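Take a look at the structure below.
The values are calculated or read from the model by the stated rules, or taken from the named source; none is laboratory data. Computed from a predicted structure; not experimentally measured. Every residue, glycine as well, gets a Cβ built from its backbone with ideal geometry; the counts of neighbours run over all protein chains shown. Each accessible area value is taken on the protein alone, full model and side chains, heavy atoms only, with ligands, DNA and RNA left out. Shrake-Rupley method; radii C 1.70, N 1.55, O 1.52, S 1.80 Å.
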Amino acid sequence: MSSGKNAKSKNKSTAKKAEEDAAFRLVTVYIMGKPYKVPAEATIMGAIEYAGQQIIRGAGCREGFCGACGAIFRLPGDYKIYSGLACTTVVQEGMTLTQIPAFPVQKAVYDLEKLEPNAATFQKVYPVVFRCVSCNTCTKVCPQGLQVMDYVNAAMRGDVEAVMDLSFDCVCCGLCAMRCPAEIVQHKVGILGKRLYGRYLRKHSPELAERVKQIEAGVFDKEFSQLMAMSKEKLKKAYYDRDME
Amino acid sequence: MYPEYMAQSLKKVVQTRAKRLELARKKGPVFAPMNADQRQQALDKYHPDYKSDSKQKVNVGPNKGEALTTEVAKILESHSWVDPEKIDLDNPHHETDLLIIGGGGAGCNAAITAMKQGVKSFIITKLRMGDANTMMSQGGMQAAVSTTDTPTRHYLDAIGGGHFTNKPELVRALTEDGPGVVKWLEDLGVIWDKHEDGSIQVLHGGGTSRKRMISCRDYTGAIIMRTLMDEVKNHPGMITYREFLPALELIMDVNGKCAGAVCYSLDTEQFHIIKAKAVLVATGGFGRLHIRGFATTNHYGATGDGLVMAYRAGAKLMYMDSVQYHPTGAVFPEQIAGFLITEKIRGAGGQPVNKDGELFVFPREPRDIESSAFIKECETGMGVKTASGRDGVWLDSPLIDQIHGEGYTMKQFPAMHRQFIKYSIDIIKDPMLVYPSLHYQNGGIEINDKCETGIEGLFVAGEATGGVHGRNRLMGNSVLDYNVFGRRAGQYTSEYVKKAKTGKLTLKHIDAHEKEMDKAGIYTDLVTPVILPSYTPEDVKIRRLARSGNALARHEMLKTRVRPSG
Ligand SMILES: Cc1cc2nc3c(=O)[nH]c(=O)nc-3n(C[C@H](O)[C@H](O)[C@H](O)COP(=O)(O)OP(=O)(O)OC[C@H]3O[C@@H](n4cnc5c(N)ncnc54)[C@H](O)[C@@H]3O)c2cc1C
Ligand code: FES
């Protein structure tokens with residue numbers, strides 16, 4: 001992680017120094033089998049970079065939104081497979097890890113305009129949904145803590161709103177699809193659900209329709225021309241005089 | 001969890017909260033907004049752009065003689081990856097009508113719009129599709145949809161926020177197209193936050209005089225980006241995309257028109273030549289240049305590549321002396337330093353307070369003003385210091401539930417809550433520690449309202465452009481920007497390619513650039529575009545071995561890339 005030079009100061013109290021030492025404590029992690037000593041406070045992504053690798057696949061937003069950085073790991077003396085986003089998961093002593101930056105997934109190609117918001121659509125576009133064996137592995141693996149299996153089940157019932165709501169925060173890292181014994185592509189199902197909801201089930205917004213009509217009819221043309229022709233001084237005055245909601 | 005040494009200050013924040021809640025419940029601002037003079041003073045004294053070494057004269061190219069942000073001047077005064085002599089332009093790997101460089105919001109909007117005009121496009125992008133700043137916007141998009149608002153009022157807010165330096169025709173396009181964009185996205189399946197009666201939820205943002213910020217919880221960009229990407233991928237016959245294939249240079253034809261790009265596969269390290277009738281640069285911003293060593297909110301590939309390519313091809317830049325620092329970047333915990341805390345937090349009632357828990361600035365000043373006020377507070381000893389030496393002020397988020405009712409924060413800010421709870425900080429109970437973070441490229445390649453540059457066949461849209469926001473962008477206007485101008489680019493490139501004829505391809509502008517550098521006496525080992533920043537510790541780099549045959553390993557070449565200092 002880079003640091004803002006401007007935000008740095010030189011004077012350190014002893015308490016702060018102790019904190020800093022903690023920050024430079026090193027732990028050993030195994031990146032694809034190879035041991036590296038990295039700062040104890042590092043994220044998995046930070047550790048990989050500290051070890052000297054230039055990430056090409058496996059980093060995008062670096063802030064937990066894009067899902068480029070899915071990682072799986074095990075901890076010493078523990079049989080479990082853990083997972084997380086490399087950009088926001090902090091390393092632990094003895095962690096053995098790998099990034100899964102890409103997992104083969106086929107996105108269905110469809111014409112949203114020809115779909116209906118119901119179970120039959122999920123059946124047609126992603127029939128694999130109906131193979132769910134309710135093992136809940138997808139939910140357990142989700143780094144966002146989403147109820148993934150619940151939205152897969154909602155898709156089977158044709159409850160588009162629930163698919164939308166439960167998958168809203170999905171970052172599409174694809175770890176669920178990777179672990180799914182039924183080979184479902186949960187994150188893609190979530191996107192379909194959201195688009196169906198937005199397109200067909202959203203609440204109608206009369207004020208939006210009206211505003212679009214006004215603009216098309218040129219209602220604001222005159223005012224725009226006036227604003228664009230204003231001198232800087234006049235514009236300034238209008239700006240600083242404007243009222244606030 | 002906050003460390004012991006912050007407890008004292010946190011206690012004060014709690015103590016002053018009731019009083020500040022009172023203020024928030026009253027009508028009117030919780031702190032007096034600055035007037036024009038006060039604003040100017042705050043900028044002059046504390047904004048990073050106003051520090052003496054923040055700018056440097058550029059000695060080559062269309063803006064020659066102009067002072068630009070130092071790091072920008074440096075990447076412009078640098079060598080090309082491409083040796084024109086070694087590139088075979090006569091046998092391009094691909095030919096297309098419209099080449100779109102950048103698979104973010106602007107690029108995808110353009111591809112979909114062009115498709116509707118019957119024009120085929122080819123998107124090349126550096127990382128994966130959607131690995132882009134577009135994916136990350138949380139707060140929302142401005143659009144004058146509410147009945148109390150008008151597009152012309154939006155115009156006034158935007159141009160005032162930009163200190164009256166914005167190009168009027170671009171501001172008009174931005175604000176007038178806004179409501180249409182809301183509908184366009186909704187029809188593609190974007191889910192806007194709405195009230196029970198169907199009306200769209202609008203909130204305040206910095207510098208807005210009406211509630212105008214519309215959103216998709218705090219995953220606004222993620223929802224829009226994934227919707228656009230899904231649509232792009234639904235039309236394989238019309239839109240082709242290639243990932244991990246950044247462009248390095250634009251290709252021109254002998255008549256001075258832009259006619260393609262030299263690209264570079266990050267997987268196989270090969271050059272790819274793509275010939276096109278028109279080219280759209282939609283490469284986004286430059287946060288990963290870490291201007292003045294600042295941490296950034298931007299995605300991994302935000303290295304200002306479009307600026308470099310277009311500049312070498314002869315396009316003029318506008319306002320590349322101005323950088324946007326977002327007032328509220330995370331400062332603690334260290335792992336998420338730079339992480340963006342959406343302005344919507346302040347829009348919803350979150351207040352910035354100093355180490356004594358006191359308000360010191362109106363929470364919704366335009367960003368450059370708000371940032372300057374934060375820096376002032378820290379530089380005058382009223383901030384909170386972290387163990388790793390960072391400074392910050394508190395952003396008091398617990399007020400939000402107290403104002404709007406329990407559960408509001410969870411519903412409106414799930415991403416934010418999730419990010420902090422990982423480090424045992426519950427933003428419903430505790431404030432966040434913040435400091436300005438490098439956020440947005442205010443300026444860029446100059447365009448007109450058709451996204452045209454001075455070069456025939458070269459169009460630009462989105463964060464890579466300059467002029468829309470003047471020297472300071474308001475929150476929510478860049479999500480609107482990439483939608484409005486992405487669509488416009490799709491429209492006007494389509495009209496253009498239907499008539500365009502491409503002549504013989506050439507890269508002689510690269511030779512000319514090298515000659516000009518030589519003439520100006522510039523000696524540098526910097527090779528740009530930057531493509532990816534390097535976070536490899538310096539000592540590790542030095543230990544690296546060259547590959548056999550003295551060819552440098554790909555990673556070693558990254559040595560010449562701009563590194564964050566600090
Ligand atoms: C954390 C964060 C939060 C934000 N929140 C808001 C908000 O709430 N409201 C708001 O209005 N704005 C917000 N913004 C700003 C806004 O999101 C961006 O300005 C906008 O999305 C830019 O869109 P774009 O399409 O121009 O660029 P991007 O979305 O960044 O897309 C550019 C694309 O080009 C690719 N690329 C770059 N170089 C090359 C190359 N050489 N060859 C090929 N491809 C290349 C990139 O990889 C990327 O995919 C935010 C930005 C960030 C970083
Ligand atoms: S890099 Fe985007 S989620 Fe981790």
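Mean residue ellipticity at 222 nm, helices only, chain B: -9500 deg cm²/dmol; runs of at least 4 DSSP H residues each add -39,500 (n - 2.57), and the sum is divided by the number of residues. So the label point goes 7 Å from the Cα of B:Ala36 along Cα→C-beta, right? Which residues of the stretch A:203-245 then have their backbone N under 14 Å from it? So the set is A:231-242. The eigenvalues of the Cα gyration tensor, multiplied by 5 and square-rooted, give the stretch A:112-201 an equivalent ellipsoid with semi-axes of 20, 14, 10 Å from largest to smallest. Loop by DSSP (not H, G, I, E, B), at most 11 other beta-carbon atoms within 10 Å: where is the longest site-free stretch of chain B for GluC sites (Glu not before Pro)? Result for the longest clean stretch: B:1-195.
The C-alpha atoms of chain B define a longest principal axis, and helix B:508-519 lies at about 70 degrees to it.
I'd like the Kirkwood hydrodynamic radius of the protein assembly as shown, using the inverse of the mean 1/r over distinct C-alpha pairs, in Å. The partial results should precede the final answer.
Values: mean 1/r = 0.0371 Å⁻¹.
Evaluated on the protein assembly as shown, it is 27.0 Å.
Considering only DSSP beta bridges where both residues belong to chain B, give the percentage that are antiparallel (nearest 5).
On the way: 38 of 61 bridges.
Given both bridge residues lie in chain B, the antiparallel proportion sits at roughly 60 percent.
Projecting the Cα atoms of B:Asn91, B:Trp192, B:Pro168 onto the dipole axis of the stretch B:88-206, where Lys and Arg carry +1 and Asp and Glu carry -1 at the beta carbon, places B:Pro168 farthest toward the positive end. Rolling a 1.4 Å probe over the heavy atoms of the protein chains gives chain B an accessible area of 32 Å² per residue.
What do you get for GluC sites (Glu not before Pro) in the stretch A:138-210 restricted to DSSP loop and a cutoff of at most 10 other Cβ within 10 Å of the site's Cβ?
Values: sites: A:Glu161, A:Glu183, A:Glu207, A:Glu210; in loops: A:Glu183.
For GluC sites (Glu not before Pro) across the stretch A:138-210 that sit outside H, G, I, E and B with at most 10 neighbouring Cβ atoms in 10 Å, the list reads A:Glu183.
Using a cut-off of 18 Å between alpha-carbon atoms, which lysines can reach B:Lys519, once sequence neighbours fewer than 8 places away in the same chain are excluded? Output for B:Lys519: B:Lys57, B:Lys64, B:Lys74, B:Lys508.
Once R0 is set to 56 Å, what does the formula 1/(1 + (r/R0)^6) return for the Cβ-Cβ distance between B:Lys57 and A:Glu116, expressed as a FRET efficiency to the nearest 0.05? Don't jump to the answer; show the numbers that get you there.
Numbers: r = 61 Å, r/R0 = 1.10.
Using R0 = 56 Å, I get an efficiency of 0.35.
Could you tell me which trypsin sites (Lys or Arg not before Pro) in the stretch A:150-245 are loop residues by DSSP with no more than 16 other beta carbons within 10 angstrom of their beta carbon? Of the trypsin sites (Lys or Arg not before Pro), the ones in loops of the stretch A:150-245 whose Cβ has at most 16 other Cβ atoms within 10 Å are A:Lys203, A:Arg242.
Dipole size in debye (nearest 20) for chain B around its Cα centre, Lys and Arg Cβ +1, Asp and Glu Cβ -1?
On the way: 71 positive and 66 negative charges, 90 e Å.
Dipole size: approximately 440 debye.
With contacts taken as Cα pairs under 8 Å at a separation of at least 6 residues, the stretch A:112-201 carries a relative contact order of 35 percent. Placing unit charges on the Cβ atoms only, positive for Lys and Arg and negative for Asp and Glu, gives the stretch A:112-201 a dipole magnitude near 240 debye about its Cα centre.
Rounded to the nearest 0.05, what FRET efficiency is calculated for B:Lys194 and B:Ser265 with R0 set to 60 Å and r the Cβ-Cβ distance?
Details: r = 44 Å, r/R0 = 0.73.
That gives a FRET efficiency of 0.85.
Taking the Cα centre of each part, how many Å lie between the stretch B:378-396 and the stretch A:29-47? If we compute the Cα centre of each part, the gap is 29 Å. Overall dimensions of the stretch B:321-387, expressed as equivalent-ellipsoid semi-axes from the Cα gyration tensor (√(5λ), whole Å, largest first), are 17, 16, 14. Charging the Cβ of each Asp and Glu at -1 and of each Lys and Arg at +1, and nothing else, the dipole of the stretch B:420-494 about its Cα centre rounds to 180 debye.
If you roll a 1.4 Å probe over the protein assembly as shown with all protein chains in place, what percent of the accessible area is carbon or sulfur? Before the final figure, lay out the partial values.
Values: 15360 of 30040 Å².
In the protein assembly as shown, the share of accessible area belonging to carbon and sulfur is 51 percent.
Computed on chain B, with alpha-carbon pairs under 8 angstrom and 6+ residues apart, the relative contact order is 24 percent. For chain A, averaging the sequence separation of C-alpha pairs within contact (under 8 Å, six or more residues apart) and dividing by the residue count gives a relative contact order of 14 percent. For A:His204, the solvent-accessible surface computed with a 1.4 Å probe is close to 130 Å², ligands and nucleic acids excluded. Beta-bridge orientation, the protein assembly as shown: approximately 70 percent antiparallel, per DSSP, counting only bridges with both partners inside. Can you tell me what percent of all Cα-Cα pairs in the stretch A:25-100 are more than 14 Å apart? Roughly 54 percent, rounded to a whole number.
Loop only by DSSP, 11 or fewer other Cβ within 10 Å of the Cβ. Give me the trypsin sites (Lys or Arg not before Pro) in the stretch B:420-483 that pass, ordered by residue number. Walk me through the intermediate numbers first.
Details: sites: B:Lys422, B:Lys429, B:Lys450, B:Arg471, B:Arg473; in loops: B:Lys422, B:Lys429, B:Lys450, B:Arg471, B:Arg473.
Those satisfying the criteria are B:Lys429.
Principal-axis analysis of the Cα atoms of chain B puts helix B:477-497 at an angle of about 20° to the longest axis. Between A:Lys34 and A:Phe103, the FRET efficiency estimated from the beta carbon spacing at R0 = 22 angstrom works out to 0.50.
The coefficient of translational diffusion for chain A, derived via Stokes-Einstein from the alpha carbon Kirkwood radius under 10 °C and 1.306 mPa s, stands at 71 µm²/s. Compared with the dominant principal axis of the Cα atoms in chain B, helix B:367-379 is inclined by about 60°.
Would you mind giving the total buried accessible surface between chains B and A, with a 1.4 Å probe and ligands, DNA and RNA left out, rounded to the nearest 100 Å²? Numbers along the way, then the final one.
Working: alone 22560 and 16330 Å², together 30040 Å².
Its buried surface, counting both partners, is about 8900 Å².
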